[in-house]
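What follows is one structure encoded as structure tokens, with my remarks underneath.
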Protein chains: 2
Amino acid sequence: MSQKSQITPLSGFPEWLPEQRIVEQDLLDRIRALAELYGFVPLETRAVEPLEYLVHQGETSKEIYTVGRLQDSGQASELGLHFDLTVPLARYVQEFRGKLRFPFKRYQIQKVWRGERPQEGRYREFYQADLDVVGDGELSLHFDAEMPAIIHALLTALPVPPATVLVSNRKILDGFGRGLGRADTTEIVRALDKLDKVGPQAVRQMLLEHAGASGSEADRWLSLAAIRSTDTGFVDDATALGVTDDLFAEGVDELATVMAACSTLPHGAVVADLHIARGLDYYTGTVYESMIAGHDDLGSICSGGRYDDLASGGGHALPGVGISVGVSRLLGRFLGSGRLRASRTTPTCVLVALTNDDTRAQSAAIAQQLRARGIAAEVFHEPLRFGKQIRHADRRGIPFVWFPPLAGDDKDSVRDLRSGAQVPADAATWTPPGNDLRPTIEVAADPLRATRPHGV
Amino acid sequence: MSQKSQITPLSGFPEWLPEQRIVEQDLLDRIRALAELYGFVPLETRAVEPLEYLVHQGETSKEIYTVGRLQDSGQASELGLHFDLTVPLARYVQEFRGKLRFPFKRYQIQKVWRGERPQEGRYREFYQADLDVVGDGELSLHFDAEMPAIIHALLTALPVPPATVLVSNRKILDGFGRGLGRADTTEIVRALDKLDKVGPQAVRQMLLEHAGASGSEADRWLSLAAIRSTDTGFVDDATALGVTDDLFAEGVDELATVMAACSTLPHGAVVADLHIARGLDYYTGTVYESMIAGHDDLGSICSGGRYDDLASGGGHALPGVGISVGVSRLLGRFLGSGRLRASRTTPTCVLVALTNDDTRAQSAAIAQQLRARGIAAEVFHEPLRFGKQIRHADRRGIPFVWFPPLAGDDKDSVRDLRSGAQVPADAATWTPPGNDLRPTIEVAADPLRATRPHGV
């Protein structure tokens, strides 16, 4: 059906092997389970949005993929692929507003598309997993305060090294600027955002050159940005900087409420870090980032914040607070490097051996009895020598091979391929150890074999 | 963020409410669980393929959606959205051939896109769920024979009326034609394919007019197409038609093998039906359709067959046999009509009441204890009167409201909102009835409220 030349990876469109997809599915399942434990409802939106709407929302319209019809080629596209899950959420909530229950807590796990230049951790097609709470008119700060615990629980549920949740509040930066007589903090935010990458000296230079700050103002910004605490201790440090402004005070208060709500989490799991700004995003209050221990170069793996209005232009505001997990980026690092792998390459737990073609129905019945009790089973397709059938199972990591009785008074038996132990068994009652029922995800201490997905 | 005019459904791009998405997810979960029970490995391919490749594969290139970059507008697209999951499978198997294990049994559940004219059951963006077995060089007929049992199990696992699996073999039609001195059966297949819709008289007319058949030839085709049996009984009827041809005999033999393997399934679950041809698809052997009782107008809801070569042009053939479930079409009928619904609109099992702002940490700790044991819980966000908090839960169908102790020596209690019964409870041990843990899918005897998805 195809020309060989067309069989080629597409740069930026990663694809996994099935055994890697098992790991990806496991991660997505864990995120979904966690979101549902916290009462978020599932949502899936269409992949396309009106192009005009996407362009209007996006800061980076050159990265948008347009969608057209082959038969209409030459005509301008009217549709585009969504580049995140927030813009579709805004449209969805407006469209279905009358049928949704507020506060609307939804999670959404879907592919998104961006025409970026592909590089490590940057794909053109990738998974995002978003959790948002949207209010109709107003939204309690309680939801901001709950979010660090959710991020912590979520990242703890994933088989990756421990993560630290960093929290701040945009009102602190904006209010600090106002207190210093600054109406616009865009260039300040842009500079502080680079702190992790280039360090305070280079940021100071940027504050002087691009933001027009004096040396003493630049130092005050750097002092603010250096404040960190694992509890509400940041309040005293921030206040000590001597800037008086209502918005600043409000931001400090809000962040204190958020940090106080995190006091039951393990010490250090959540850190107030006043340099967190979420760049040029549309956040207006609390902001979140989270860093995985030993993987600072990966950047924030779960980020988000509070926005005043998800969708202006309607009658009343739709304030929200939410987070987004970069699933594909996580997987690119931990799955692609071989640090994560599935315990076997197939869901199959038991391969039922086929003695000869005449007893195929017998083998099929055994497999069916196992499946009826939730045990994944398949019948080997050819009556080859048992040694070959065992090798087939072994190569796939299938833990058990089942042997039907060979003679009338013989018994069924099942062999554990790892120990080699073979014992009599009854397909109506035999149960594998819980850990063998499904493939499990193993964290390799020493990643042996780096397997990046094709297309990267 | 938006202009009101852009907030509009897109024809053919259905979107569900969260409580409907719960049902959709449940269906997808059941299909996935079933596929894994039979040992199919998970696969997900990128949404885009080279446009040239799609056009080369598709019979209906005018339905292909092209994908381009906004910044490159004016340039011809080089990518398109996949319109099924078979074409991506063919490309994937060729690309990753050296890393896959054959026979390669994979399932794949993804959205596909087709620029069709939207109508009931026809969408532009929709879910397909495919199961295929692909061999490297050869593939045992055993896999054809196992497929009806898988289709039966799959459709039995879904909350829809009972389905009948119809099976035939393309070699029977092609061989019958050869026996009658016909090299090309394209027009015959096209006519017989319409049998269900227009009846034998009209098909006879088509055979005469479009296929150039004589009256007696047309009658023999209609006799062949009328043959049905719930076992291997079709063999005698087919042989009795007196056509001698090797390919015909081979098709009859293969179908007999498939039907014999189905003898352990409930009587009538699988029917040999010699008029099944799967139209102009690329099948070369066994073909499958399945009809849901009382919903013949829906057409086949799970179809497929055997193909000689998934991807010619490589060194050796990649024969396969597979099926595809029209998930969105099923949902359009059974969810859209209100016949299927979730028992509640949220995953939340327990709403923990908030007594006042000072005891928020107490309520949060209760919710956390429940979640730690897999019970989805959320804390009400405001210390409103308990009556209001109960109404909030009731409107969402949340079955339980938890009340923290009001005074020091008071006990926790939990109320079942359906019975009104309120009992003392301990968050460390209390467990809801199994049916209440997650939303369940209910089949309404009498669909009250038809809710078609937006965008249809």
- Express the C-alpha Rg of chain A as a ratio against the empirical globular expectation 2.2 N^0.38 Å, rounded to two decimals. 1.21
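According to the square roots a ≥ b ≥ c of the eigenvalues of the Cα gyration tensor, what is the shape class of segment B:155-257, taking rounded for a/c under 1.5, prolate for a/b larger than b/c otherwise, and oblate for the remainder? Intermediate results must be reported in sequence, preceding the final value.
Working: a/c = 2.15, a/b = 1.31, b/c = 1.65.
Verdict is oblate for segment B:155-257.
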- Note on the structure: What the Cα atoms of segment B:319-456 span along the principal axes, largest first and in whole Å, is 68, 39, 26
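Can you pull the Rg over Rh of the protein assembly as shown, Cα-only, Kirkwood?
On the way: Rg = 30.3 Å, Rh = 30.3 Å.
Result: Rg/Rh = 1.00.
Please arrange A:Ser324, B:Ser168, A:Ser11 by how many other C-beta atoms lie within 10 Å of their C-beta, fewest to most. List each step's numbers first, then the result.
Details: A:Ser324 22, B:Ser168 29, A:Ser11 14.
Arranged by neighbour count, lowest to highest, A:Ser324, B:Ser168, A:Ser11 become A:Ser11, A:Ser324, B:Ser168.
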- How large is ³J(HN,Hα) for each residue in segment B:335-352, as worked out from phi by the Karplus curve 6.51 cos²θ - 1.76 cosθ + 1.60 (θ = phi - 60°), to whole Hz, x for Gly and Pro? 8, x, 8, x, 5, 10, 8, 7, 5, 8, 9, 8, x, 4, 9, 10, 9, 8
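May I ask you to derive the relative contact order of segment B:203-345, considering only C-alpha pairs under 8 Å and at least 6 residues apart, and to give it as an integer percent?
Values: 155 pairs, mean separation 21.7, N = 143.
The normalised contact order for segment B:203-345 reaches 15 percent.
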- Query: Which FRET efficiency value, to the nearest 0.05, do you get for B:Ala365 and B:Ser61 by plugging their Cβ-Cβ distance into 1/(1 + (r/R0)^6) with R0 = 56 Å?
  - Reply: 0.40
- Rounded Å value of the spacing that divides the Cα centres of segment B:309-352 and segment B:22-38: 8
- Item | Estimated inter-spin distance, B:Glu209 and B:Asp297, nm [label 7 Å along Cα→Cβ] | 2.6
- Run through the other copies and list how far each one's label point is from that of B:Asp281, in nm with one decimal, shortest first; the point sits 7 Å from Cα along Cα-Cβ. 4.5
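I need the calculated FRET efficiency for the pair A:Asn356 and A:Ala445, taking r as the beta carbon distance and R₀ as 30 Å, to the nearest 0.05.
Values: r = 45 Å, r/R0 = 1.49.
Computed FRET efficiency for A:Asn356 and A:Ala445: 0.10.
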- Relative contact order of chain A (C-alpha contacts under 8 Å, at least 6 apart) in percent is 18
- Over all distinct Cα pairs, what is the inverse of the mean 1/r for segment B:198-355, reported as the Kirkwood hydrodynamic radius in Å? 19.3
- Message: If the reach is capped at under 21 angstrom between alpha carbons, list the lysines near A:Lys388, excluding any in the same chain fewer than eight residues apart.
- Response: B:Lys99, B:Lys105
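Two-decimal Rg/Rh of segment B:1-134 from alpha-carbon positions, Kirkwood Rh?
Details: Rg = 17.2 Å, Rh = 17.0 Å.
On the Cα set of segment B:1-134, Rg over Rh gives 1.01.
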- Could you state the number of Å between the C-alpha centres of segment A:79-95 and segment B:203-268? 52
- Could you give me the ³J(HN,Hα) list for segment B:158-168, computed from phi with Karplus coefficients 6.51, -1.76, 1.60 and θ = phi - 60°, whole Hz, x at Gly and Pro? 8, x, 10, x, x, 10, 10, 8, 9, 10, 8
- Using only Cα atoms, tell me the angle between helix A:386-396 and the longest principal axis of chain A; keep it within 0 to 90° and round to the nearest 10. 0
- Note on the structure: Relative to chain A, whose Cα atoms define the longest principal axis, helix A:170-179 and its Cα axis are tilted in degrees, nearest 10, by 10
- Message: In segment B:104-146, whose amide N lies under 11 Å from the spot 7 Å out along Cα-to-Cβ of B:Ser11? List them in ranges.
- Response: B:117-119
- Task: Please give every one of the aspartates and glutamates within straight-line cross-link reach of B:Lys411, meaning a C-alpha to C-alpha distance under 16 Å, and leave out same-chain neighbours fewer than 8 residues apart.
- Result: B:Asp426
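Using only alpha carbon pairs under 8 Å that are at least six residues apart, calculate the relative contact order of segment B:107-265 and give it in whole percent. Don't skip to the end; give the middle numbers.
Numbers: 146 pairs, mean separation 40.4, N = 159.
Relative CO of segment B:107-265 lands at 25 percent.
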- Query: Put a point 7 Å out from Cα along the line to Cβ at A:Asn356; what are the distances to that point in the other copies, in nm, shortest first?
  - Reply: 8.4
- Note on the structure: Tilt, helix A:195-209 to longest principal axis of chain A (alpha-carbon atoms), in degrees rounded to tens, equals 20
- Task: Report the residues of segment B:99-114 in range of a label on A:Gln71: point 7 Å along Cα→C-beta, backbone N strictly under 15 Å from it.
- Result: B:114
- Using the Cα atoms as the points, what is the convex hull volume per residue of segment B:85-179 in Å³? 180
- Message: Given points 7 Å out from each Cα along the Cα-Cβ axis, report the A:Glu120 to A:Ala240 separation in nanometres with one decimal.
- Response: 3.9
- Note on the structure: Interchain or sequence-distant (5+) residues whose placed amide H lies within less than 5 Å of the amide H of B:Thr284 are B:Arg306, B:Tyr307, B:Asp308
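With a 10 Å Cβ neighbour count serving as the proxy for reagent exposure, in which order, fewest first, do A:Asp196, B:Asp357 appear? Before the final figure, lay out the partial values.
On the way: A:Asp196 16, B:Asp357 9.
Fewest-to-most ranking of A:Asp196, B:Asp357: B:Asp357, A:Asp196.
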- Query: Taking +1 at the Cβ of each Lys and Arg and -1 at the Cβ of each Asp and Glu, which of A:Ser229, A:Gly175, A:Pro159 sits farthest along the dipole of segment A:158-248 towards its positive end, judged by Cα position relative to the Cα centre?
  - Reply: A:Pro159
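Would you mind calculating the gained length between A:Thr257 and A:Leu28 on full extension (0.36 nm times residue separation, minus the Cα-Cα distance), in nm to one decimal? If you can, show how the numbers build up before the last one.
On the way: separation 229, 0.36 × 229 = 82.44 nm, distance 3.09 nm.
Between A:Thr257 and A:Leu28, full extension yields an extra 79.4 nm.
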- Note on the structure: Spelling it out for A:Cys349: with amide H atoms placed in the peptide plane at 1.01 Å from N, the residues 5 or more places away or on another chain with amide H under 5 Å from its amide H are A:Ala376, A:Ala377
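Name the shape class, rounded, prolate or oblate, that the alpha-carbon gyration tensor gives for segment A:66-114, where a ≥ b ≥ c are the square roots of its eigenvalues, rounded holds for a/c under 1.5, and otherwise prolate holds if a/b is larger than b/c and oblate otherwise.
Numbers: a/c = 4.04, a/b = 2.13, b/c = 1.89.
It comes out prolate by the Cα gyration axes.
Can you compute the charge dipole magnitude of segment A:67-143 about its Cα centre, using +1 on each Lys and Arg Cβ and -1 on each Asp and Glu Cβ, nothing else charged? Give it in debye, rounded to the nearest 20.
Numbers: 12 positive and 11 negative charges, 33 e Å.
Roughly 160 debye for segment A:67-143.
Going by how many other Cβ atoms sit within 10 Å of their own, how do B:Asp309, B:Asp174, B:Asp132 line up, fewest first?
Numbers: B:Asp309 17, B:Asp174 24, B:Asp132 27.
So the residues, fewest neighbours to most, are B:Asp309, B:Asp174, B:Asp132.
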- Looking at A:Ile150, A:Ser140, A:Ala427, which one has the Cα that reaches farthest to the positive end of the dipole of the protein assembly as shown (charges on Cβ: Lys, Arg +1; Asp, Glu -1)? A:Ala427
- Task: Using only Cα atoms, locate the centre of segment A:388-427 and the centre of segment B:370-406, then give the distance between them in Å, rounded to an integer.
- Result: 50
- Message: Can you list residues from other chains, or at least 5 along the same chain, whose modelled amide H is less than 5 Å from the amide H of A:Ser413?
- Response: A:Phe403, A:Ala425
- With a ≥ b ≥ c taken as the square roots of the eigenvalues of the C-alpha gyration tensor of segment A:246-300, please select rounded if a/c is under 1.5 and otherwise prolate if a/b is larger than b/c or oblate if it is not? oblate
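None of the figures in this text is laboratory data; all of them are computed from the coordinates on show. Source: prediction; values computed, not measured. Positions of Cβ are generated from backbone atoms using ideal geometry, with glycine treated the same way; all protein chains shown enter the neighbour counts.
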